[in-house]
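Here's the structure we're looking at; comments come further down.
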Amino acid sequence: MIFKGINDQTVEFRITNYQFPDITDCEYDSNWLLVYLKVKCDYGNWETIDPSLLVRDLKEIIEWFELLSNDIETDSDSLVFMEPNLEFELIKNQSDLKTVRLKFDLESRPQNANDNKEYYVDCEMDNAELKKVAKELTKELESFPERIIG
């Protein structure tokens with residue numbers, strides 16, 4: 001799926017596989033997902049593939065976008081995960097328009113990243129667009145069910 005940011009910035013987000021497709025009996029190792037990112041933004045263009053989310057993290061992202069799309073208050077304005085490569089942050093919350101910041105850190109930044117600089121893309125979305133994000137992420141998740149729930 002593609003997140004459309006302001007100023008024609010884009011973030012292509014895809015799950016390519018499990019990090020360890022053959023390990024199916026370990027709560028964590030069985031559920032790490034390889035996340036492909038292709039970022040075109042004001043800070044440059046780059047691509048990464050990194051095991052930065054668990055299946056349950058992706059489920060949490062989907063639920064968060066669903067809640068936002070229905071104007072339901074979320075537990076937190078940001079989603080941060082065990083691997084701090086990606087963060088989703090609600091920076092503007094109006095009933096008709098929300099701005100979600102996709103932050104990139106560690107392996108999700110460009111290879112020549114400056115450690116003193118933040119890398120992010122801001123996406124303005126109405127409720128229909130937020131719902132579409134949740135739907136598209138759900139489609140991504142269909143191919144990668146949670147394995148071994150502990």
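The values are calculated or read from the model by the stated rules, or taken from the named source; none is laboratory data. These numbers come from a predicted model, not from an experiment. Every residue, glycine among them, receives a Cβ derived from its backbone with ideal geometry; neighbour counts consider all protein chains shown.
None of 67, 130 is surrounded by 13 or more Cβ atoms within 10 Å (Cβ to Cβ), of a type outside the set (S, T, N, Q) and within 19 Å of residue 11 (Cβ to Cβ) except 130. Restricted to the range 11-49, and to residues there that are in contact with a strand residue (DSSP E or B) (Cβ under 6 Å, 6 or more places away or on another chain) and of a type in the set (Asp, Glu), the residue that is nearest to residue 106 (Cα to Cα) is 47.
Checking each residue in the range 105-115 for being touching an Asp or Glu at 6+ places or on another chain (Cβ under 8 Å), crowded, with 16+ Cβ neighbours inside 10 Å and not charged (D, E, K, R) picks out only 108. Looking for whichever is part of a helix (DSSP H, G or I), touching a residue at least 60 places away in the same chain (Cβ under 8 Å) and not small (Gly, Ala, Ser) here; the options are 66, 146, 107. Which one fits? After applying the criteria, what remains is 66.
Look at the range 69-85 and say how many of its residues are assigned to a loop (DSSP other than H, G, I, E, B), in contact with a helix residue (DSSP H, G or I) (Cβ under 6 Å, 6 or more places away or on another chain) and at pLDDT 95 or above.
Number of matching residues: 2.
A single entry from 88, 144 fulfils the requirement of being within 21 Å of residue 39 (Cβ to Cβ) and modelled with pLDDT of 95 or more: 88. Just a yes or no: is a residue in the range 36-46 part of a loop (DSSP other than H, G, I, E, B) and either without any contact (Cβ under 8 Å) to a residue 12 or more places away in the chain or over 15 Å from the mean Cα position of the chain (by Cα) (or both)? Yes, that holds for at least one residue.
If you go through the range 13-33 one residue at a time, do you hit one that is among the small types (Gly, Ala, Ser), surrounded by 20 or more Cβ atoms within 10 Å (Cβ to Cβ), outside any strand (DSSP E or B) and out of contact with any Cys (no Cβ under 6 Å at 6 or more places or on another chain)? Looking through the range 13-33, at least one residue is among the small types (Gly, Ala, Ser), surrounded by 20 or more Cβ atoms within 10 Å (Cβ to Cβ), outside any strand (DSSP E or B) and out of contact with any Cys (no Cβ under 6 Å at 6 or more places or on another chain).
If I go through the range 1-12 residue by residue, how many of them are assigned to a strand (DSSP E or B), touching a Phe, Trp or Tyr at 6+ places or on another chain (Cβ under 9 Å) and surrounded by fewer than 19 Cβ atoms within 10 Å (Cβ to Cβ)?
3
Residues of the range 85-94 that are closer than 16 Å to residue 121 by Cα and either surrounded by fewer than 18 Cβ atoms within 10 Å (Cβ to Cβ) or more than 14 Å from the chain's Cα centre (by Cα) (or both): 87, 89, 90, 91, 92.
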